[in-house]
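The values are calculated or read from the model by the stated rules, or taken from the named source; none is laboratory data. Bear in mind that the values here come from a model prediction, so they are computed numbers and not experimental data. Cβ atoms come from the backbone with ideal geometry, glycine included; neighbour counts cover every protein chain shown. Surface areas here come from the heavy atoms of the whole protein model, side chains and all, with no ligands, DNA or RNA. Shrake-Rupley method; radii C 1.70, N 1.55, O 1.52, S 1.80 Å.
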Amino acid sequence: MRKWNALPENTFLKGFFLCFSLSFLAAAFCMPDRGQMLSGLLKILGAPTKASTNFFSIGGYAATFLNMALVGLVCTAVYCIPGKKANDAAVLVTILTTGFGSWGIHILNMWPTMFGVVLFCLVRKVPIGDHSNAMLFSTGVAPFISELLVRYPNAEVVGFSPMGVVLAIAVGAFVGFFLPAGLENSPRVHKGFALYSAALPVGMTAFLLQGVLYKAMGVPVPEAISDLSVASPVIVNTFCIILFSACVIVALAMGCRPRDYWKLLTDPDQVVDFAATYDNAAMLMNVGMYGLFILAYYNLIGAEMNGVTFGVVFCMLATCNSGSHPGNIWPIMLGYASASWLFRLLSPLTGGTFTQYLSAQSIIVGLCYANGLSPIADKYGWFYGMVAAMAHFCMVTTVPVLHGGMCLYNGGFTAALVCLLMVPSLERHFRTKLERRAARAGRT
């Protein structure tokens, strides 16, 4: 296995994507409801997927795992397009999109926007492989595609129709065609402090779509239809523990030593590609350790282990190769816990009714994307990361009003907004960790 550590990053990551996807496929055949796997998948394909939709409730456990496997395999295939190399961004979008396979993206609603990106490449005469990331990031508006396919403009599901298919393809083509430009510009807006960089243009696109398709048309935004109480801590914990422990074991077999991983955790620099900066084994170790860390947190706060929570474990894990690890995510978790405690204390003073407990589904999903603010903790210190997380906590449940709950990247979009508010002030008024360290050294 030590030879795997010497593989080029591109080759290793493609193999990782394949094994990651196949793990969900294997799990699907181990589920207690595996006999209803295909019928359950058809139910998922024919349902709206507005956030937060629990695929465990709609199609069952086996069907959800099967859908996640199929979505993951599509992501893997995208990075096999000639000329495209897998890197840290590929890890982010592959794990992220697969995670949404349990609560928003399925093997049907991901294609129209991907087609739009392909159309962009054909019109602009650029290699499709150069925009593989954009193809998968475009699926962040998949709930709009599902709505157009089976419900729009009705409040109830009416099923597939020729007009719905045409609308879905047209809207998907529009989104995919114009999204690459926004993705290219987004890092300049938040200056690299939001790891879910694609969430800004995807969120703005969803804002526009909600305005055009619903507000301007006078169509009420429909509600999500799944039952979030359908959950299984045994299934979620068993699968995650096996998968993440396997990553740790394989990383050790590849030659990752504890001090190698400790170097990753304590590196003072803001690293954005762990596999390239350290090695494949260290990156895989972070997948396992960070995954177990996330799972432990959600169990500690008593989160409902439904399809949404299961999915956000992987959505949060998505930044495992592009900047996040247990060493810089704990300030974000502390910020969320502090905000929940503070506003629970203050709410009665205003006569309000406090609902934003750490185990509330909206807060569980919010934290998943708040980890995208970990570069603030990396560069300025844990306290500033905590403050950024508290700001995210306050905003994340209000932002869905902008897109009607149709943007799966809601928390990432919120993180970008937090950066727009905080980063200019941080740069103007506060010193980075390195600057403070240099100042202390100068005094001694």
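Start at zero, step by 10 Å, and the Cα-Cα distances of the chain spread as 5, 22, 33, 27, 11, 2, 0, 0 percent across the bins. Tally Lys/Arg at +1 and Asp/Glu at -1 over every other residue whose Cβ is under 11 Å from the Cβ of Asp378; what's the total? My count for the surroundings of Asp378 gives 0.
Looking at the range 362-444, the pairs of alpha carbons with a distance over 19 Å make up 41% of the total.
Remark: the range 40-178 projects, on average over all directions, an area of 8.0 nm² (convex hull of Cα atoms). Over what distance in Å are the Cα centres of the range 202-270 and the range 279-336 separated? So the separation of the two Cα centres works out to 8 Å.
Heavy-atom accessible surface of Asp227, to the nearest 10 Å², is about 70 Å², with a 1.4 Å probe and all protein chains retained.
Keeping every protein chain present and rolling a 1.4 Å probe, give me the accessible area per residue for the chain in Å².
Heavy-atom accessible area per residue stands at 40 Å².
When the alpha carbon coordinates of the range 175-231 are projected onto the principal axes, the ranges are 37, 36, 18 Å, largest first.
Pairs of lysine residues in the chain that meet both criteria, 8 or more places apart or on different chains and Cα atoms under 14 Å apart, total 4.
For the range 136-230, the C-alpha radius of gyration divided by 2.2 N^0.38 Å, with N the number of residues, is 1.21. Distance between the modelled labels on Lys3 and Ala155, one decimal in nanometres: 6.4 nm (7 Å Cα→Cβ projection).
When each of the peptides 372-382, 93-103, 117-127 is scored by how many other beta carbons lie within 10 Å of its residues on average, the order from highest to lowest is 93-103, 372-382, 117-127.
The smallest convex shape that holds all Cα atoms of the range 247-379, its convex hull, gives 102 Å³ per residue. Among the protein heavy atoms of the range 1-100, carbon and sulfur supply 67% of the accessible surface, probe 1.4 Å, non-protein parts ignored.
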